[in-house]
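We did not get these values from a lab; they are worked out from the coordinates using the rules stated. Note that the structure is a prediction, hence the values are computed from the model and not measured. Note that we place each Cβ from the backbone using ideal geometry, even for glycine, and neighbour counts take in every protein chain shown.
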């Protein structure tokens, strides 16, 4: 296959842990051709097809100079067998516009993973609200008074912005309500910005688990991101320690309930975040943790993903 990865700049990849890199490596190992571009390289001229200025690359196996550029030029996206949208958050206006260009490419016959429409329809924090049976009590609102009432009811809560990533902007407010007003003002902007409040789940001390679901099927191991020291956030970007472990019965129940639903909407790869028995986030933009799980357990997550990618593309061509 001829694959195009829409991603962050290649020069910024941390290849020892980067999931997109692990996808590329497995795809090349199987003989597939690899090209890459950034969202800013996408273009659509009236009367023509969506195209991109792409870099055709070859992975070298060297940790420092990890790729060589074999060609560069403008290509129409339907020339590729699959386009993988792997741009990291934030999901800002430019990301939004990129999904529209990629959706047009789909209309022209391009296979895009994850589906651009599904990326727009599943904001990573809000998407959980469709599945209340798996949630800790959760509130989404602009109203500071609603947040105060929620805190009064549940006493120990987490407050966070809807557009945060890597644990940014997450606050815990205990029963004493210390700094509740200031935190709400910071996140809420005087009623201008919607935020999320959730009842605190004490099992965070055992880790914020990333459960990967590929083509509707769960990877049999999660990566528990365990907070360190006095930190309440388990995110690896916030200093959490990643420990791979087998899925619990509850992890599997959540993954098996959500997996087929999300896959049917065009989400080939999803990262479910689970604390204790509670679903806290549905990651669809560029889910990670392939390398950590593979290295610690021996289960080949990139191979499972490329298997699913090949099957999805073959299903179209039959």
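The ellipsoid equivalent to the alpha-carbon distribution of segment 2-114 has semi-axes of 23, 16, 12 angstrom, derived from the gyration tensor eigenvalues as √(5λ) and listed largest first. Distance from the C-alpha centroid of segment 65-116 to that of segment 119-161: 32 Å, rounded to the whole angstrom. Of the residues 125, 241, 14, the one that moves most in a GNM of the chain with alpha-carbon contacts below 10 Å is 14. Mean residue ellipticity, 222 nm, helices only, the chain: the sum of -39500 (n - 2.57) across DSSP H runs of n ≥ 4, divided by residue count and rounded to 500, is -9000 deg cm²/dmol.
Each Cα pair under 8 Å and six or more residues apart adds its separation to the average, and for segment 2-114 the resulting relative contact order is 29 percent. Computed over the alpha-carbon pairs of the chain, the distance histogram in 20 Å steps reads 31, 56, 13, 0 percent, short to long. Here the relative contact order of the chain, from alpha carbon pairs under 8 Å that lie six or more residues apart, stands at 18 percent.
Which shape class, rounded, prolate or oblate, goes with segment 203-315 when its Cα gyration tensor gives a ≥ b ≥ c as root eigenvalues, a/c under 1.5 marks rounded, and past that a/b bigger than b/c marks prolate? Prolate. Approximating the spin labels as points 7 Å out from Cα along Cα→Cβ, the residue 152-to-residue 68 distance works out to 6.9 nm. Find the centroid of the Cα atoms in segment 239-285 and in segment 182-203, then give the distance between the two in whole Å. Measuring centre to centre over Cα atoms gives 23 Å. So what's the angle, to the nearest 10 degrees on a 0 to 90 scale, between helix 93-107 and the longest Cα principal axis of the chain? Roughly 50 degrees between the two axes. Here the gap between residue 59 and residue 217, fully extended at 0.36 nm per residue and compared with their Cα-Cα distance, gives a gain of 54.0 nm. Principal-axis analysis of the Cα atoms of the chain puts helix 144-154 at an angle of about 70° to the longest axis. If you run the Gaussian network model on the chain, springs between alpha carbon atoms under 10 Å, then out of 107, 172, 265 the most flexible one is 107. Taking Cα atoms only, the orientation of helix 249-264 departs from the longest principal axis of the chain by about 50 degrees. Each of 100, 58, 154, 122 has some number of other Cβ atoms within 10 Å of its Cβ, and from fewest to most they run 58, 100, 154, 122. As a proxy for reagent exposure, 115, 136 were ordered by neighbouring Cβ count within 10 angstrom, fewest first; the result is 136, 115. Here the gap between residue 192 and residue 100, fully extended at 0.36 nm per residue and compared with their Cα-Cα distance, gives a gain of 30.5 nm. Extents of segment 137-200, taken as max minus min of Cα coordinates on every principal axis and listed largest first, are 25, 24, 21 Å.
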